[in-house]
Amino acid sequence: MNQQILNLDELKERFPLIEKLHSEQYVFWENENIAKERQVSDRVTPDMIQDAENRLKRFSSYIKVAFPITKFSDGIIESELREIAAMKKLIEGRRGFNIPGKLMLKCDHALPIAGSIKARGGIYEVLSHAEKLAIDAGLITEQDDYAKFHSEEFREFFSKYKIAVGSTGNLGLSIGIISAQLGFQVTVHMSIEAKEWKKELLREKGVEVIEYESDYTSAVENGRQVAEEDPACHFVDDENSIDLFLGYSVAGSRLKDQLQQAKIKVDAKHPLFVYLPCGVGGAPGGIAYSLKQIYGEHIHIFFAEPFASPCMLLGLMTGMHDKISVNDIGLSNKTEADGLAVGRPSRFVGTLMESVISGCYTVDDSFLFRSLKGMFETENIFMEPSAHAGVYGPIELMMQGTSYIQKHGLTDKMENATHIIWSTGGDLVPEELRQQYLQSEI
């Protein structure tokens with residue numbers, strides 16, 4: 001969409017933050033439409049999320065035998081919640097101010113199988129599709145042991161079907177790995193932002209990778225068009241898929257259990273802040289939606305985006321969602337945070353987030369690499385650059401979010417706060433590339 005149609009000057013007048021976005025400054029946007037109460041949409045209901053959780057439990061016996069790394073969790077794909085006190089101390093020392101409360105990390109960079117947050121939604125959608133095909137063919141019932149999926153009979157059956165997805169990297173990995181393991185023919189349409197090692201890993205798994213010299217939106221659109229021409233092909237639509245969204249949403253109740261096990265309170269006196277890196281919006285959206293249902297006014301959720309790609313912030317702030325792109329305001333959409341290099345947000349997710357998230361903020365690539373090194377040195381945790389967008393959240397809240405804290409009556413409650421940085425990817429990054437990141441001077 002071009003600037004003339006958008007009337008960019010008028011937009012800048014209505015939304016002064018656009019000028020700051022255009023000049024790639026740090027921006028903290030507060031959502032004035034956030035609802036205090038729990039939010040439930042008829043498009044994604046609690047029953048649907050519970051159904052997704054039940055489906056993942058049915059598949060746990062398959063996951064356990066197909067991916068032995070999950071035996072310790074009995075076939076449930078989940079990550080640790082851990083305190084990162086040393087990293088908190090490093091941040092406070094560098095910034096010269098305290099972050100009140102407890103700083104924790106949700107370790108989705110270490111999720112089994114796909115090594116990223118995409119192991120939630122991506123794997124769930126493929127399993128949901130596989131279950132439907134198998135039930136329709138009379139191969140299984142919901143009462144059976146789903147370990148049957150790990151057999152030559154099922155692999156031969158699924159080899160007649162295809163899975164396709166458009167991705168900047170991590171979603172493609174999760175879709176490719178689980179689909180190939182089940183026996184599907186898999187094609188991943190990779191945008192120009194995708195890292196070479198992710199393409200190579202997919203090819204090693206027997207996945208067809210189609211590369212594009214264009215951005216994420218184009219890769220998704222091309223993948224969608226190709227899939228529509230083949231009735232045997234299921235397209236995983238990162239922009240519009242309810243199944244993807246549901247897979248991510250299951251994380252809400254699991255985090256609740258982890259917080260309870262850690263004896264961490266979330267109530268009127270103990271606010272919870274969650275910081276989620278955001279690309280097109282599916283993963284952070286699903287998690288945010290379910291957490292808002294659980295905690296209502298006691299949770300404060302912020303999406304993190306790179307300077308060059310603040311698509312969700314732009315879509316929510318203007319109310320235009322996918323009708324506006326970061327390119328329309330003069331941004332390049334080029335960032336080292338490949339998983340967040342998205343120019344146009346999901347309308348499906350954006351409209352659900354209008355009353356759910358507390359706001360969005362932007363972060364520059366240089367911080368991502370400083371944080372990457374700091375996290376490794378203090379906590380011995382390696383996360384890819386995209387994941388570190390979340391780390392900037394507590395810093396930005398204390399620097400530019402003081403008005404938000406005051407407006408929501410949180411000033412005298414911050415010492416009891418819990419801050420959760422939601423990590424997104426990192427475990428599958430090759431050692432050679434890890435060392436390059438750790439030695440980067442960006």
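Laid out as a table, the results:
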| item | result |
| --- | --- |
| Backbone HN-Hα couplings from phi across region 29-42 [Karplus 6.51/-1.76/1.60, Hz, Gly and Pro as x] | 9, 9, 7, 6, 9, 4, 9, 6, 6, 4, 10, 10, 9, 6 |
| Among 249-257, 117-125, the order from most to least packed when residues are scored by Cβ within 10 Å on average | 117-125, 249-257 |
| Theoretical ellipticity at 222 nm over the chain - DSSP helices of four or more residues, -39500 (n - 2.57) apiece, nearest 500 | -13000 deg cm²/dmol |
| Unit charges at the beta carbon, dipole of the chain: most positive-side option, Thr424, Met190, Thr141 | Thr424 |
| Highest-first arrangement of 407-415, 170-178, where packing means the average Cβ count within 10 Å | 170-178, 407-415 |
| Nearest-20 debye value, region 147-235 charge dipole, Cβ charges on Lys, Arg, Asp, Glu | 360 |
| Inter-part distance where region 251-294 and region 347-396 are each reduced to a Cα centre, Å | 15 |
| Packing-based order for 302-308, 395-401, 287-293, using average beta carbon neighbours within 10 Å, highest first | 302-308, 287-293, 395-401 |
| From the C-alpha gyration tensor of region 198-292, square roots of 5λ in Å | 36, 14, 13 |
| Options Gly286, His300, Gln261, ranked by Cα towards positive dipole end of region 219-300, top entry (Cβ charges) | Gln261 |
| Solvent exposure of region 215-336 as accessible area per residue, Å², 1.4 Å probe | 30 |
| Among beta bridges that DSSP assigns inside the chain, antiparallel share in %, nearest 5 | 20 |
| Probe 1.4 Å, accessible area per residue of region 368-442, Å² | 40 |
| Accessible area of Arg82 in the full protein assembly, 1.4 Å probe (Å², nearest 10) | 70 |
| Most mobile of Leu139, Leu276, Leu111 in a GNM of the chain (Cα contacts under 10 Å) | Leu139 |
| Lysines whose Cα lies under 22 Å from that of Lys162, excluding same-chain neighbours fewer than 8 positions away | Lys118, Lys132, Lys148, Lys198, Lys199, Lys205 |
| Accessible area (Å², 1.4 Å probe, nearest 10) - Phe97 | 50 |
| Region 35-99 and region 400-442: distance between their alpha carbon centers, rounded to Å | 16 |
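The values are calculated or read from the model by the stated rules, or taken from the named source; none is laboratory data. Predicted model only: the values in this text are computed from it and were never measured. When we count neighbours, we look across all protein chains shown, and the Cβ atoms used for this are built from the backbone with ideal geometry, even at glycine. For accessibility, only protein heavy atoms count, side chains too; no ligands or nucleic acids. Shrake-Rupley method; radii C 1.70, N 1.55, O 1.52, S 1.80 Å.
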